[in-house]
Amino acid sequence: MKRDTGYSTMAEQQKQEEKLWDAMKITARVLGTGLLVFTALANFGFWYLQSIWDASGHFWQTTWLKLYYLLEGEEWTIFFLGTALVPALAFWGFNGILMVADVTGKPTFITRYRIQLGKNNPVDTKKLLQAVYTALCNQFFISLPMFVPMFYLMKWWGNTFSKELPTFRWFLVELSIFTLVEEILFYYTHRLVHLPLLYKHIHKKHHEWTAPIGVVSIYAHPVEHILSNTLPVMTGPMIMGSHIVSIAAWFSLALVTTSISHCGYHLPFLPSPEFHDFHHLKFNQCYGVLGVLDYLHGTDRVFRQSKAYQRHRVLLSLTPLSESIPEVPGRAE
Ligand SMILES: [Zn+2]
Ligand SMILES: [Zn+2]
């Protein structure tokens, strides 16, 4: 009996070991296949994007060279165009459209997408002109002089004026790094200017708008414009020694996205502005750009329980979300 039990225990143990081994083999196979499929898909995605880029890459390279020779390789002019003029045109072009909607309330399909219902309907023109004036002053008297030391740094360190454009893949890598650097620097400098003393003297100006509009994105005290608006966007390209075309694209993108975050309209096909709009509404929530650091520091807890968060999470909705998910039930009626 004893021997039998011993034998059956050994057999059972062997069986269990076999089972375990099988499970490990299956897991390895599943993981291996998954990894292969993932790599194949990722490569296909890159290859697809790269092929689109290659098709137009020649066009971009030729256009860049034409511009380079047209400006006779004059580095100051090229740098001024890329850092100041092109991004400013993108900013004012985009905000020009938004301001028409803010002032006239037309086209009505845009104003239906307003987040804070009943606010800026229409916008106070005097307040708007003041915001435009401050934004222009900040661009001319703060950002522009800041590009001078940046020019010398890029000349010494970067690949900024190369006749050869960076590859599309490299540009994507750079964009990810710029975004990450911006998130870190903007989050902490923004929290800094929320300290009572600094808030009172510096950041209060930006928060005069509890229901912001696009141009308010750079309506700020000069110190804040240096610390929170310009440096977090400039630092990425300075670390990477980026090409002027990448800098122009990044600056324009950063200015347009911050305008979207402030515009007050949750429009389909555009990133959700609910996160930063909530910051203007509540003051002590949602300090960052991406929301990663707010999540880690718990500075988005109230936001996560709000209607604004429910709207923020909707990927695409053609109907105005402020009507389908109103702030207070029944408010839409
Ligand atoms: Zn803001
Ligand atoms: Zn703030």
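Throughout, read-outs are computed from the coordinates displayed, never taken from laboratory work. Keep in mind that what you see is a predicted model, and the values were worked out from it rather than measured. Using ideal geometry, Cβ is built from the backbone for each residue, glycine included, and neighbour counts are taken over all protein chains shown.
What to note about this one:
- Between 0 and 90 degrees, the angle of helix 86-104 with respect to the longest Cα principal axis of the chain falls at about 80 degrees.
- Extension gain for PHE283 to LEU175 (0.36 nm times residue separation, less C-alpha to C-alpha distance): 36.0 nm.
- ALA55 paired with LEU296, simple spin-label distance in nm, labels 7 Å along Cα-to-beta-carbon: 3.9
- Were the residues from PHE141 through LEU89 laid out at 0.36 nm apart, the gain over their Cα-Cα distance would be 17.0 nm.
- A Förster radius of 41 Å, combined with the Cβ-Cβ distance separating THR167 from ARG313, puts the computed FRET efficiency at roughly 0.75.
- Cβ crowding within 10 Å ranks MET146, MET154 as MET146, MET154, fewest other Cβ atoms first.
- Positive contributions from Lys and Arg (+1) and negative ones from Asp and Glu (-1), summed over other residues with Cβ under 13 Å from the Cβ of GLN61, come out at 0.
- About its Cα centre, the dipole of the stretch 64-324 is roughly 760 debye, where the only charges are +1 on Lys and Arg Cβ and -1 on Asp and Glu Cβ.
- Relative packing of peptides 176-182, 119-125 - highest average C-beta neighbours within 10 Å first: 176-182, 119-125
- Estimated from helical segments only, the mean residue ellipticity of the chain at 222 nm is -20500 deg cm²/dmol, where each DSSP H run of four or more residues counts as -39500 (n - 2.57).
- Bridging of LYS15 to lysines at a Cα separation below 23 Å is possible for LYS2, LYS25, once same-chain residues fewer than 8 apart are set aside.
- Of LEU71, PHE251, PHE59, farthest towards positive along the dipole that unit charges on Lys, Arg, Asp, Glu beta carbons give the chain: PHE251
- Relative to the compact-globule estimate of 2.2 N^0.38 Å, the Cα radius of gyration of the stretch 64-324 comes out at 1.03.
- In degrees, nearest ten, helix 168-192 long axis to first principal axis of the chain (Cα): 70
- Lys/Arg +1, Asp/Glu -1 at C-beta; the chain dipole; positive extreme among HIS266, VAL193, ASN121: ASN121
- Separation of the alpha carbons by more than 31 angstrom is noted, of LYS126/LYS155; LYS66/LYS106; LYS205/LYS307, for LYS126/LYS155; LYS66/LYS106.
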